[in-house]
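Here the structure is laid out as structure tokens; the discussion comes afterwards.
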There are 2 protein chains.
Amino acid sequence: MPSEFDLIRQFFTRPAPGALLGVGDDAALMALAPGNELAVSTDMLVAGRHFLADADPYLLGHKALAVNLSDMAAMGATPRWATLSLALPAADEAWLRAFSQGFYALAERFHVDLVGGDTTRGPLNLCVTILGEVPAGLALRRDGARCGDEIWVTGSLGGAALGLRHLLGQEVLTEAEARDCLGHLHQPEPRVALGRALLGLATAAIDVSDGFLADLGHVLSRSGVGAEVNFDRLPAHPAVAARLPLDAGRQSLLAGGDDYDLCFTAPPVHADAVSAAAASLGLPVTRVGCLVAEAGLRLLAPDGSPMVWESCGYDHFA
Amino acid sequence: MPSEFDLIRQFFTRPAPGALLGVGDDAALMALAPGNELAVSTDMLVAGRHFLADADPYLLGHKALAVNLSDMAAMGATPRWATLSLALPAADEAWLRAFSQGFYALAERFHVDLVGGDTTRGPLNLCVTILGEVPAGLALRRDGARCGDEIWVTGSLGGAALGLRHLLGQEVLTEAEARDCLGHLHQPEPRVALGRALLGLATAAIDVSDGFLADLGHVLSRSGVGAEVNFDRLPAHPAVAARLPLDAGRQSLLAGGDDYDLCFTAPPVHADAVSAAAASLGLPVTRVGCLVAEAGLRLLAPDGSPMVWESCGYDHFA
């Protein structure tokens, strides 16, 4: 069995052109572009909790980085560098090769350098820390939303959750639906370019990882505002829309995690600019409601009457 | 059982005065001091591998951060911010309280802000990423050692390894020895102040985490030099020194990990300045050998003859 050091060298040591010093020292060294702040986020993915233990390692490599890139997108930050810590039950060369290929394929597409990490034996666990840059004072924080702002969502909602239900045998999807929903689940596309384009336009942003209602709720509580959301304007994934009369559809739409689309707020005066920025990126964006002074999140039926929904996101300790 | 969010808020949300935005958003935001580079390192600690599953959570909180602070020390960087990701088998309030107390006690002593993290259910796993600052161009890299430099070690070697042997029932220590060795094992003291004082004096540095021979070996291979080390000059921990005729003593001294003292190199012209810097911090430093052109690490007996030793450090996949 190759040693830890051989493994790391073999699979996770590629040049880091955006760093001063990459993998192989006590720490990596980087220079921040003048006028920028450093944005840092970290996510830990555990087998049996965030993914199935026999998950495709290539897709896992993609997802471990994608969920972190998505955090940068939600700040309007440009991801630059990442560290990766891996606990593995065994030093499985084929697994490591595929995982690193999935990780690097996404990293290279976003010009992100892997600059450090750790590898150890243990129950399968992936921990990525992402580092990015954002122009000073412009980051899209959760606490910047203001009464009167409109609420927007990128892409679609619920596809990943429906894909997971399919995987778990809780829902039967057509072949085309399954392919598409599993794509959302396994290979989410971080909305980095849009997040950056929203600097100066959006007042707050979050990525939909715990479920739309829960994540919007985080913005509301941090910003001290309430929201009215029009249920029928929510951009349900087509397979989700087809199931909206069913609980599975509504659950996926409102509380399904893992979509990694953005939910953001912007004053109405910036609506055209937001639409134009999204259009130039070929990314659909939808206005789904607005912020109000009265605390709480109200979901409105097409006739304007309140809908009852138990607000709940995914809780890793539930 | 409290939810994930309650847990995080309760134990890991203290003010982060050194950050622009701390825990609670998609990412933390920080400003780097002008003229500084960013230093980043990460370590993952797994139950049953790096610590016993029933380890004291307070000490674990200390150690999870200490090993990362030590990486900053080995770069000459000043640690500023950290993220902490935790996988826990259960949301154990007493465990979390003690762990967070151990973590914060050390963090506050070093003025390090916890700015982000993740908490999830899973086999016990701790992943800390540390972020620090170092004046541009001055970091103590592993590749800066030069032929003719002297090799130095701070503190003492082998105490942590002997403490672990004691814990595992492989060695019988006196009560005083055990207390001291277990202190080295559980509560290593990161040599941050000395690392910083060595900027401009040392040419390379590393912290002794895998074992003295292995870690010095990393410096040698990165710097393209060889070394001659005088066995009898190595600053063995007193309990280790008492066992040096035995294999347990030599093993602990040469290949025992987890000491987190620094091994560094400096040209002879800086020897007095190095000694003075260490003395002003009350930290013993010892010259143990010098760098030579011929590749490899040669261990010399008191009479100058070569000693045979199988160079091996701790390998997490061994």
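The values are calculated or read from the model by the stated rules, or taken from the named source; none is laboratory data. Note that the structure is a prediction, hence the values are computed from the model and not measured. Reconstructed Cβ throughout: ideal geometry from the backbone, glycine too, with neighbour counts over all protein chains shown. The protein model used for the area step is the full one, side chains on, heavy atoms only, and it has no ligands, DNA or RNA in it. Shrake-Rupley method; radii C 1.70, N 1.55, O 1.52, S 1.80 Å.
Tabulated data for the structure shown
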| item | result |
| --- | --- |
| Dipole axis of chain A (+1 Lys, Arg; -1 Asp, Glu on Cβ), positive-most option in A:N36, A:T119, A:V219 | A:N36 |
| Size of the B/A contact, given as accessible area buried on both chains, probe 1.4 Å, in Å² | 5300 |
| Normalised contact order of region B:203-301, rounded percent, pairs of Cα under 8 Å and 6 or more residues apart | 51 |
| Karplus (6.51, -1.76, 1.60) ³J(HN,Hα), θ = phi - 60°, over region B:105-115, in Hz, Gly and Pro reported as x | 4, 6, 4, 5, 4, 9, 6, 9, 9, 7, 10 |
| Within a Gaussian network of chain A (alpha carbon springs, distance under 10 Å), most fluctuating of A:L291, A:L52, A:L262 | A:L52 |
| Label 7 Å beyond Cα on the Cβ vector: B:G282 copy-to-copy distances, nm | 6.5 |
| Positive minus negative residues near B:H237 (Lys, Arg vs Asp, Glu; Cβ under 14 Å) | -3 |
| FRET efficiency, 1/(1 + (r/R0)^6) with R0 35 Å, evaluated for B:E108 and B:R179 via beta carbons | 0.90 |
| Normalised contact order of chain A, rounded percent, pairs of Cα under 8 Å and 6 or more residues apart | 22 |
| For region A:1-121, the fraction of alpha-carbon pairs in successive 5 Å shells from zero, as % | 2, 10, 21, 24, 21, 13, 6, 2, 1, 0 |
| Two-site label geometry, A:D303 and B:A136: point separation in nm, points 7 Å out along Cα→Cβ | 6.7 |
| Amide H within-cut-off set for A:L157, under 5 Å, with H built and near neighbours excluded | A:A236, A:H237 |
| Convex hull of the protein assembly as shown built on C-alpha atoms - directionally averaged projected area, nm² | 28.5 |
| Sparse-neighbour loop sites [trypsin sites (Lys or Arg not before Pro); region A:53-159; at most 15 other C-beta within 10 Å; DSSP] | A:R146 |
| Calculated from backbone phi, Karplus (6.51, -1.76, 1.60) coupling profile of region B:187-196 in Hz, x at Gly/Pro | 10, x, 9, x, 8, 4, 5, 5, x, 5 |
| For chain B, Kirkwood radius (reciprocal of mean inverse C-alpha pair distance, Å) | 20.3 |
| Length-normalised contact order of region A:1-112 in % [C-alpha pairs under 8 Å, at least 6 apart] | 32 |
| Other-copy label distances relative to B:G183, 7 angstrom Cα-Cβ extension, nm | 6.2 |
| For A:A204, distant residues with modelled amide H under 5 Å away | A:T265 |
| In Å², nearest 10: area of B:I151 left accessible to a 1.4 Å probe | 0 |
| Sites B:R233 and B:A33 - FRET efficiency at Förster radius 45 Å, r taken between beta-carbons, to 0.05 | 0.70 |
| Whether region B:182-318 is rounded, prolate or oblate, judged on the alpha carbon gyration tensor where a/c under 1.5 counts as rounded | rounded |
| Position A:G169, label points 7 Å along Cα→Cβ, spacing to each other copy in nm (shortest first, one decimal) | 4.3 |
| Region B:117-128 - phi-based ³J(HN,Hα) in whole Hz, Karplus 6.51/-1.76/1.60, Gly and Pro as x | x, 8, 9, 8, 7, x, x, 3, 8, 10, 10, 10 |
